[in-house]
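Each value in this text was obtained by applying a stated rule to the coordinates, not by laboratory testing. Please read all numbers here as calculations on a predicted model, not as lab measurements. Neighbour counts are summed over all protein chains in view; Cβ atoms, including those assigned to glycine, are modelled from backbone coordinates with ideal geometry.
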Amino acid sequence: MSSQPSLEKISLNQITTEHWSLEEAVEGCLRQDVPWISVWRHKIHDLGLSKSRKLINDAGLKVSSVCRGGMFPAPTPEERKERMEDNKRAIEEAAELNTDVLVLVCGPAPDRDIDSARKWVEEGIEELIPYAGQHGVKLGIEPLHPMYAADRSVISTLGQANSISEKLKSDQVGVVVDVFHVWWDPQLYLEIARAGSNILGFHVSDWIVPVPDIFKGRGMMGDGVIEIRRMRKAVEEAGYHGPIEVEIINEAIWNQPGDETLKQMKDRFIEHV
């Protein structure tokens, strides 16, 4: 376990440069020697799946994950079935781009019924397991901070994600640890150890005080209060040694030149991750 991570592990989560197209993001990674990229589905759809694959392959980049699947809860069986079909397309896209991780943002309760929503999340993931297995893709359950429970995910803690993964007992299901979402949890380090080899991804950013925006409020590593290096060492001790995604959703960072963002994230990665 190193006191500093190698830049060979750094991955640009594409939302960090949201104003860049996939072509621009790939070109930026090449210019700035960023070896990994996490691709968002709306960027894939803008370019087309086959063109996206060729672009990334020709550049020699590796894809750390595709974001996102999930959003399982819906008020009617028909709508839940539509969500499942979209998740199958997401699995196909991940396989086509040669990544074995599809990040799941699990979805909110459609009509205040949070217990049913959590049941639909678990049932949805279980239903996807055979299809994911056929395509060689793993389903990474990413718990989101509780402030997102109403509009993005009813899975709010790493403990919840671990419990679903353990219950389903499948090599295709694991968890994603994002520092922004879980840093506050008093059970965090116990749950990281519990997750062990089921950790499929590690995402870094920072929690700024005060938070400038609920959704677009993440900071560059080192600008906030999160013990990022401690968490990185913990996931490594648990057995995760894969790429580390820099995932920053912040309007000010989006509006600065993309190459400046990549240079800054590399410097902060070495200093704080």
(request) Being part of a helix (DSSP H, G or I), surrounded by fewer than 17 Cβ atoms within 10 Å (Cβ to Cβ) and out of contact with any helix residue (DSSP H, G or I) (no Cβ under 8 Å at 6 or more places or on another chain) is the filter here, so list the residues in region 179-203 that pass it. (result) 190
(message) I need a count of the residues in region 134-148 that are surrounded by 16 or more Cβ atoms within 10 Å (Cβ to Cβ) and farther than 12 Å from residue 71 by Cα.
(response) 9
(request) Give the residue, chosen from 25, 59, that is farther than 27 Å from residue 151 by Cα, within 19 Å of the chain's Cα centre (by Cα) and touching a residue at least 12 places away in the same chain (Cβ under 8 Å). (result) 25
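The rows are residues; the columns are (1) in contact with a strand residue (DSSP E or B) (Cβ under 8 Å, 6 or more places away or on another chain); (2) among the charged types (D, E, K, R).
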{"position": "228", "(1), (2)": "yes, no"}
{"position": "234", "(1), (2)": "no, no"}
{"position": "237", "(1), (2)": "no, yes"}
{"position": "242", "(1), (2)": "yes, no"}
{"position": "260", "(1), (2)": "no, yes"}
{"position": "269", "(1), (2)": "yes, no"}
{"position": "273", "(1), (2)": "yes, no"}
(request) Keeping to region 214-273, report how many residues are among the aromatic types (Phe, Trp, Tyr) and within 24 Å of residue 32 (Cα to Cα). (result) 2
(request) Mind counting the residues in region 156-191 that are within 18 Å of residue 103 (Cβ to Cβ), touching a Leu at 6+ places or on another chain (Cβ under 7 Å) and aliphatic (A, V, I, L, M)? (result) 6
(request) State which residue is farthest from residue 118 (Cα to Cα) when the search covers only region 134-169 and only residues that are of a type in the set (Lys, Arg) and assigned to a loop (DSSP other than H, G, I, E, B). (result) 169
(request) Confirm whether residue 208 is over 16 Å from residue 248 (Cβ atoms) and in contact with a strand residue (DSSP E or B) (Cβ under 9 Å, 6 or more places away or on another chain). (result) no
